[in-house]
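Only one structure is covered here, and it is reproduced in the block below.
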Amino acid sequence: MHSKVITTSIFDLFKVGPGPSSSHTIGPMKAAYDFLTEINHLPNTIFSTKLSIEIHLYGSLSATGKGHGTDRAIVAGLLGWKPDACDPVKFLKILKNPDEKYPVQFHEQLIEVNAEDFFFHKGKYDSPHANTMVLKLKEGENILLEHEYYSIGGGFIYRKGEKQQQANMPVPPYPYTTMKDLKAHLSREKITLTELMMANEMALTGVSKKEIEKRIDTILDFMHKAVKRGLKDKRILPGTIKLSRKAPLLYEKAKNLAITSDSFLIFLNAYCLAASEENAAGNIVVTAPTSGASGVIPGITYLIKNHFHYSPALMRDGMWAAAAVGFLVKHNASISGAEMGCMGEIGTASAMAAAMLTYCATKDINAMESAAEIGIEHHLGMTCDPIGGYVQIPCIERNAMGAVKSYNAFLLATSGNSSLQKISLDSVIKVMKATGKDMSKKYKETSEAGLALSATEC
Ligand code: SF4
């Protein structure tokens, strides 16, 4: 397993931004914004009429980047937009007219960028990461600045040669890389998971406890706004599939049913579909841990808030449990569909949600681990093959299925004796990594096989 300790912030895992894909939309927008900052660090004495910006996309970004709005996101980043402050309506208009030129500020000059500045290197998978992009500032044929970026899932990016900088991160008071480490701290220090995670977060970010709690509440609020919008919106989703939204129909049906196990499940399905459909529409969602999987945890938290009436403090406990599992998967395997297939996205989200439900209900760390392990175990090998490269089929229903599985994982882990669980969370994450490595590239966010070939787009 990866050896350096986990230094990810909860706010890097749960990020607000436009859909439909964290690795193909939010990550590229952040990379382009970084490139904009970098070019403006060059001397302001460079004046030329021959300046241009070239954008090269490789691997999964070149295969499904169009459907995921990667080009739009890169233009937005070059214009100085950040994901959490992005206006989704204006965002969807970018590059709608392929001839339109967008002015990128370079000191006192403007460099025009349009669709012709993009190069989709389809079929080239030999880059260091499945989602690779190269941005170049050129003067005629001379390259003035070039950066290679990797979008590693969940909106996380890093630049070529940058990983070493992690050595400068502050060391958290409770360093861990595995679930085993985490449990050892908890039993040695006699503290709760919430206390441990909060102490680490404060050390890593320098932010106060009160402010961190406020920000978690804001993240939950963004999640629930997406669910509420999605429960009402009946418009067809963007793209050539012309997919109808289902969430409002399910919601109406659940409301008209007597309170039974069926109505409970239909409510949960409706909440997850609602947030996922908002993501597919390119509206503002929260990566949890990715945009493709941004329906599972919002659906579950909406359920526990509105049906179980959990307090804000208990909801935050659940968010820490979900974050702990998300960090472990990100650190020791990957949350990227381009590396792990859908088990990396929906599988991780389902495990995070299972951990959340279990920790909120029991505060039992062993039961929480079992629930998360079950959540991953039953998503092993799940392919990523979105039709037409849109985060719609199978993605939207996958979120609902991931949430229902998380609920069952919670029941399985809490109804029996969790100490009888044979497989540890650390072991299943190792298996996940190995499985992702063995899976054919065709099943890792390229839309070159599976469901993506089984249906004709209409
Ligand atoms: S199939 Fe899964 S991993 Fe692939 S884009 Fe859809 S949600 Fe993401």
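The values are calculated or read from the model by the stated rules, or taken from the named source; none is laboratory data. Source: prediction; values computed, not measured. No Cβ is skipped: glycine too gets one built from the backbone with ideal geometry, and neighbour counts run over all protein chains shown. Only protein heavy atoms, including side chains, enter the accessible area calculation; ligands, DNA and RNA are left aside. Shrake-Rupley method; radii C 1.70, N 1.55, O 1.52, S 1.80 Å.
Screening the candidates Lys430, Lys422 for the property of being more than 13 Å from the ligand (Cβ to nearest atom) and outside any helix (DSSP H, G or I) yields one hit, Lys422. Among the residues of segment 281-293, the one identified as within 12 Å of the ligand (Cβ to nearest atom) and open to solvent by 10 Å² or more (accessible area, probe 1.4 Å) is Gly292.
Highlighted here are the helices (runs of 4 or more DSSP H) found entirely within segment 200-289 that include at least 1 residues which are out of contact with any Pro (no Cβ under 7 Å at 6 or more places or on another chain) and basic (Lys, Arg): 209-232, 247-256. For segment 14-23, the tally of residues that are away from the ligand (no atom under 16 Å from the Cβ) and either assigned to a helix (DSSP H, G or I) or touching a Phe, Trp or Tyr at 6+ places or on another chain (Cβ under 6 Å) (or both) stands at 1. Selection over segment 370-384 of residues that are open to solvent by less than 10 Å² (accessible area, probe 1.4 Å) and within 16 Å of the ligand (Cβ to nearest atom) gives a count of 3.
Within segment 54-77, residues that are farther than 21 Å from Leu237 by Cβ have Cβ atoms under 6 Å from residues that are among the small types (Gly, Ala, Ser) and away from the ligand (no atom under 16 Å from the Cβ) in these pairs: Tyr58/Ser127; Gly59/Ser127; Ile74/Ala32; Gly77/Ala32, counting only partners at least 6 apart in sequence or on another chain.
With the structure loaded, tell me whether Ile393 is among the aliphatic types (A, V, I, L, M), near the ligand (Cβ under 9 Å from one of its atoms) and either touching a Leu at 6+ places or on another chain (Cβ under 8 Å) or farther than 19 Å from Leu13 by Cβ (or both) or whether it fails that test. The answer is yes for Ile393. The residues on offer are Ala367, Ala409, Ala400, Ala354, and the sole one that is of a type in the set (A, V, I, L, M), open to solvent by less than 20 Å² (accessible area, probe 1.4 Å), within 15 Å of the ligand (Cβ to nearest atom) and at pLDDT 95 or above is Ala400. For the residues Phe267, Phe222, the requirement of being surrounded by 15 or more Cβ atoms within 10 Å (Cβ to Cβ), touching a residue at least 60 places away in the same chain (Cβ under 8 Å) and under 19 Å from Met315 (Cβ atoms) singles out Phe222.
Residues in segment 428-456 that are of a type outside the set (Lys, Arg) and exposed (fewer than 14 other Cβ atoms within 10 Å of the Cβ): Ala434, Asp438, Ser440, Leu453, Ser454, Ala455, Thr456. In segment 315-344, of all residues being of a type in the set (S, T, N, Q) and not in a helix (DSSP H, G or I), the one that is farthest from the ligand (Cβ to nearest atom) corresponds to Ser334.
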